[in-house]
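Okay, structure first, notes after.
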Amino acid sequence: MSCNGCRVLRKGCSEDCMLRDCLTWIQNPQAQANATVFVTKFFGRATLLSFLSSVPPNQRPAMFQSLMYEAVGRTINPVNGAVGMLWTGKWQFCQLGVEQVLSGSSGALTPLPDLHESSEKGSSSGGDHQQQVMMEETQSSGLMSQSERCHQAKKQRMETQSEESEESSTLGSRTETTDDCVYVYANSQTHQRKQQQQQQQLLTLFL
């Protein structure tokens, strides 16, 4: 026996039919047919079957239910869909839309003006928020560049001071070395003069 989904789509049905298991969460046979027609019109028959075949059989009912809520959400709120309605706290409108589809009143679904205006306000506020974030990032980058320049200048001053201290220590060591050399040279000269005096005294004694 053909399932309600294949019956309204006028396609052959078999024991391993994908639509049969997808409609088990809907109790009313006519509601199953209404849901199949609505989802097929929104996504297309080939796309619907492709979606269902891409998941395991035990997940196909959840897939069909997700596609149905998304189709209702996009019909009521074309910009943000079901996710936008959930995000803005308007999820009850999506649930009411699903109930209308199951009851056969899917033709009454139209985009809600207040949801359209709220989506526009949300997009404009989102743009303002992005501009504010960009301005804050620019200011923070300017402060960071100033702090980096101050840090580099401080680092250069420290390096200059360290180089000057090294040079002064080097000059001091050179001065100390020079003084030592002068002292050693003077001592050697004094020693030579003493030796010369002793030699003259010995020559005088012998002569």
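Here, each number is a calculation from the coordinates, and none is a lab measurement. As the structure is a prediction and not an experimental result, all values here were calculated from the model. Here the Cβ is made from the backbone with ideal geometry for all residues, glycine too, and neighbour counts use every protein chain on show.
Within the stretch 68-86, whose backbone N sits under 18 Å from a point 7 Å along Cα→Cβ of SER50? Inside the label zone: 68, 71.
Stretched out straight at 0.36 nm per residue, the stretch from SER14 to MET158 would grow longer than its current Cα-Cα span by 43.3 nm. With K and R counted +1 and D and E -1, the other residues having a Cβ less than 14 Å from that of ARG74 yield a net charge of +1.
Below 13 angstrom from the Cβ of CYS94, what's the summed charge of the other residues (Lys, Arg +1; Asp, Glu -1)? After counting each charged neighbour, the total is 0. Considering the stretch 54-117 at the alpha-carbon level, its Rg and Dmax are found to be 12.3, 40 Å.
When Rg and the Kirkwood radius Rh are both evaluated on Cα atoms of the stretch 4-111, their ratio Rg/Rh stands at 0.96.
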